[in-house]
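Participant: The structure under discussion is supplied below as structure tokens; questions concerning it will follow.
Coordinate-derived values only; no laboratory data. For clarity, every value in this text was computed on a predicted model and none was experimentally measured. Please note: Cβ atoms are built from the backbone with ideal geometry, for glycine as well, and neighbour counts cover all protein chains shown.
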Amino acid sequence: MGKIKSHKASAKRFTLTKSGKVKMNHMGRRHNLGIKNTKRKRGLRKASYMSEATARNIKTILPYA
């Protein structure tokens, strides 16, 4: 049986932790930063973890992560 291809766009955006959680960066941190206040931008800096319901979908398209 052959290998399963992983979804490359998702592989660049999400990483799996050792405990099995899906780690991701926040959206809205690329451009138009002058409009957003400092507190909001500071909150977007940190990575966050995806909810378990959506993490299931990501784990299926990243089989070897």
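Participant: On each of the three principal axes of the Cα atoms of the chain, give max minus min coordinate, whole Å, ordered largest first.
Facilitator: 52, 22, 18
Participant: Which of the chymotrypsin sites (Phe, Trp or Tyr not before Pro) found in the chain are in a DSSP loop and have at most 14 neighbouring Cβ atoms, other than their own, within 10 Å?
Facilitator: Within the chain, the qualifying chymotrypsin sites (Phe, Trp or Tyr not before Pro) (loop, at most 14 other Cβ atoms within 10 Å) are Y64.
Participant: When the helix-only estimate is applied to the chain (DSSP H runs of n ≥ 4, each -39,500 (n - 2.57), divided by the residue count), what is the mean residue ellipticity at 222 nm, nearest 500 deg cm²/dmol?
Facilitator: Rounded to the nearest 500, it is -10000 deg cm²/dmol.
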